[in-house]
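Below is one structure, written out as structure tokens; comments come after it.
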Amino acid sequence: MNCRECTEHLYEYLDRELTPALEREIREHLADCPPCGEHFDFEKLFLDFLRARCQAQGAPPELKRRILRQLFDE
Amino acid sequence: MTGSQPPPPPPPPPAATEAEKRQSFEREALVHLDSLYRVALRLTNNPSEADDLVQETMLKAYRAWHQFQPGTNAKGWLLTILRHAFINEYRRRTRHPETVDLDTIEPYSVFEELQDEDPQGTFFDRIVDDQVLRAIDELPEQFRETVVLSDVEGLSYEEIARMLDVPVGTVKSRLFRARRLLQRRLYDYAVGMGYIKGSTA
């Protein structure tokens, strides 16, 4: 596997969407290729950052009360 | 010879009582309220419409609760209801479908430009939550919903494809372009704020 092929599967790899065989090929390439390794680390950091920043937000408590009232108290 | 009579058919399972229905709905559906709200907020970009959309989704879901197969993915089921409600009733009022040609968006990574200055991406830490959410809200709608379902709610490509009724390949390509676009906007913002110098090219 070369760098271009490896990078084509970047997000599928980070999202754990690859077949075990392809995942292993990528892992082996990353272990042997520091530039690709750094690139993948950077993208993983970016995805973790997105998740952390967006999941902090939850439904307002008043909305939950409104829904419970509507569903069960009518 | 009369033979033996066939056994009588088993009695139909008793209909769930209202109390049981409520209990299972609270246990399997209401626990996803935060997820529904986050997706609704990103789709409508308006807290009061997000409230209404989630409320309507929960009402529809409760009425259709007998159709939900226990043990299957309740979150996916609820998000599908939410998305249909959004398309049918909210999108026309709140946003217009984009006219952007999504294929012309160049999906390049900012990693190359940061290699010398900040290869660890520490500048991300300085970007405030609101700015991240704003960058997501500014994505074209097809990209926005794919990113939210994947990166915020953690659905698999297959689940997203089913929900959006598109091939898995389309999910992959949207996700790829959406993430790169988002990354680019946050990078431009960080350069604008002076968190990083950015490429001088």
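Quick notes
- Residue ID - nearest to the other protein chains (Cβ to nearest Cβ), chosen from residues in the stretch B:160-173 that are of a type outside the set (V, I, T) and under 13 Å from the mean Cα position of the chain (by Cα): B:A161
- A Cβ distance below 8 Å, combined with a sequence gap of six or more or placement on separate chains, defines the contacts here; from the stretch B:8-24, residues that are part of a loop (DSSP other than H, G, I, E, B) reach residues that are at pLDDT 85 or above and of a type in the set (G, A, S) in the pairs B:A16/B:S24.
- Residues satisfying the stated conditions in the stretch A:39-56, i.e. surrounded by 15 or more Cβ atoms within 10 Å (Cβ to Cβ), facing chain B (nearest Cβ under 7 Å) and over 10 Å from the mean Cα position of the chain (by Cα): A:H39, A:F42, A:R53, A:C54, A:Q55
- Among the numbered conditions (1) on the phi < 0 side of the Ramachandran plot; (2) in a loop (DSSP other than H, G, I, E, B), the only one that B:R184 does not meet is (2).
- Any hit, the stretch B:33-44, residues being at pLDDT 90 or above and β-branched (V, I, T): yes
- Residues being part of a loop (DSSP other than H, G, I, E, B), modelled with pLDDT of 80 or more and closer than 15 Å to A:E43 by Cβ - total across the stretch B:100-119: 2
- Unique residue being more than 30 Å from B:A74 (Cα to Cα) and touching a helix residue (DSSP H, G or I) at 6+ places or on another chain (Cβ under 9 Å) when the list is B:A190, B:A161, B:A135: B:A190
- Flag if B:F68 is more than 13 Å from the chain's Cα centre (by Cα) and either within 25 Å of A:R51 (Cα to Cα) or modelled with pLDDT of 95 or more (or both): no
- Matching option when the condition is more than 8 Å from chain B (Cβ to nearest Cβ) and modelled with pLDDT under 95, among A:P60, A:P35: A:P35
- Taking the criterion of being in a loop (DSSP other than H, G, I, E, B) and either within 19 Å of B:Y157 (Cα to Cα) or among the small types (G, A, S) (or both), the residues of the stretch A:1-27 that qualify are A:H9, A:D15, A:R16, A:E17, A:L18, A:T19.
- Helices (runs of 4 or more DSSP H) contained entirely in the stretch B:122-177, each with at least 2 residues that are over 25 Å from A:E8 (Cβ atoms): B:129-137
- Selected residue (criterion: farthest from the chain's Cα centre (by Cα)) from residues of the stretch B:112-159 that are among the aliphatic types (A, V, I, L, M) and more than 9 Å from chain A (Cβ to nearest Cβ): B:A135
- Candidate set from the stretch B:27-69 (those that are under 20 Å from B:I160 (Cα atoms) and not in a helix (DSSP H, G or I)); member that is farthest from the other protein chains (Cβ to nearest Cβ): B:Q69
The values are calculated or read from the model by the stated rules, or taken from the named source; none is laboratory data. Small disclaimer: the values here were computed from a predicted structure and weren't measured. Methodologically, a virtual Cβ is constructed for each residue, glycine included, from the backbone with ideal geometry; neighbour enumeration extends over all protein chains shown.
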